[in-house]
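Participant: Below you will find the structure I want to go over with you.
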Amino acid sequence: MTDFLPVILAAGLLFFLSFANGGNDVSKAIATLAGAGLASVRGAIAWGTLWTVAGALAGLLWGSSLIKNFNGSIYVESHDFYMPLALAVSMAPILWVALATWRGWPVSTTHAIVGGFVGAGLMAYGTQGIDWSHTFSKIALPLLASPFMAIALAWFLTPALKKSARFTNRIRLCLTPVPRLTLATSRGATIRQAQAPVDDCLVCACDSPQAGLTHGLTLSVDNMHWLTSGLLSFARGLNDTPKLIAVVMPFLMLDGLAAPAWLFFLGALAMGAGSWFAGKNVTEVLGFNVTKMNHEEGFSANLVAAFLVVGASRFGLPVSTTQVSASAIMGVGLSGHKGLNTDTVKSMLFAWLVTVPVAGLFAALIYLAGGLF
């Protein structure tokens, strides 16, 4: 039984960490659906949960570089397994993210994980044991830069994206060819019908004669909003799951950094459960309390956030989906001159600023307590 204890701890801690992550982070992709009135809070969460689980499972294919960044960039050298350190690193983000979710603060699980690594590492190895240069370049720099990039891109691109959304809102994709001849009604005292030629069309305006004669799929900003929310949920699951697995990898004492597949399945299950059962509080804060949005603006915020998160995952950069999504919403609000709810923004910024030090403090205390046993 003793031989299986680390594996049992790894599974349990990954479940609770992924559950806390799902409850806090599902809102980042789907809050705009609720805020724009396109879906109920519960309906938006269901959509986000589905795509989050899909993204988490996709980490099986694309998540190895993120695991390597976390396990290989924070400490100066690899060390033998040490139970108090492993417990401190994994339990600190669980406690902080769960507390933040209960309070309705959209915080970064990534920041909490980094704080846990650094706080526990300082206790175990001292300042010389932290690889500060790699930690900054591989982890801290992407985390610090991504919110500013999201605000700038959302502010700059939102007007063009809104115009594109309005244009595509009138487009219909015809699934069947338009008949060459159709009945056309002429105006006059006497109504008569005559054969008139109509051109084929694959893409046509919704109010055109061609569109009215075919079965087709109408594009709308609502549809695109759903699509970008799903894409961002997928990207969040893809980016976050490998980071959560990296936290519990020391328990498994594996040679190399190849994570077994069951970790991804367990992480996906727990993240989906947390999204569904604990995602309401933060979704309401981001959806209704940051700024007012319409469909075009929600679509723009999600598209910018998804672009940044997917791009970061592609290159193994651990960005904060929380900060990227919330910052994109802020950028949209600034672009539309609608203003921001300063009280909500201040509370969010406060939570962001204290996440790393508080998680580090939690990790240090847990490490010290673990060393007594």
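The values are calculated or read from the model by the stated rules, or taken from the named source; none is laboratory data. In this text the structure is predicted, and so the values were computed from the model without any measurement. Heads up, the Cβs are rebuilt from the backbone with ideal geometry, glycines too, and the neighbour counts pull from every protein chain shown.
Participant: Can you pull out the residues in the stretch 282-311 that are surrounded by fewer than 19 Cβ atoms within 10 Å (Cβ to Cβ) and in a helix (DSSP H, G or I)?
Facilitator: Hits for the stretch 282-311 are GLU284, PHE288, VAL310, GLY311.
Participant: Which residues, counting only those in the stretch 267-281, are aliphatic (A, V, I, L, M) and surrounded by fewer than 21 Cβ atoms within 10 Å (Cβ to Cβ)?
Facilitator: LEU269, ALA273, ALA278
Participant: Something else now. Can you list the helices (runs of 4 or more DSSP H) lying wholly within the stretch 14-109 that have 1 or more residues being modelled with pLDDT under 90, over 20 Å from the mean Cα position of the chain (by Cα) and under 19 Å from VAL247 (Cα atoms)?
Facilitator: Correct list: 64-73, 83-103.
Participant: Further question on the same structure: Could you pull out the residue among ALA305, ALA359, ALA301, ALA326 that is modelled with pLDDT of 85 or more and of a type in the set (Gly, Ala, Ser)?
Facilitator: Exactly one of ALA305, ALA359, ALA301, ALA326 is modelled with pLDDT of 85 or more and of a type in the set (Gly, Ala, Ser), namely ALA359.
Participant: Could we say that ALA150 is in a helix (DSSP H, G or I), of a type in the set (A, V, I, L, M), at pLDDT 75 or above and surrounded by fewer than 20 Cβ atoms within 10 Å (Cβ to Cβ) here?
Facilitator: no
Participant: Do you know which residues across the stretch 1-58 are β-branched (Val, Ile, Thr) and surrounded by fewer than 22 Cβ atoms within 10 Å (Cβ to Cβ)?
Facilitator: THR2, VAL7, ILE8, VAL41
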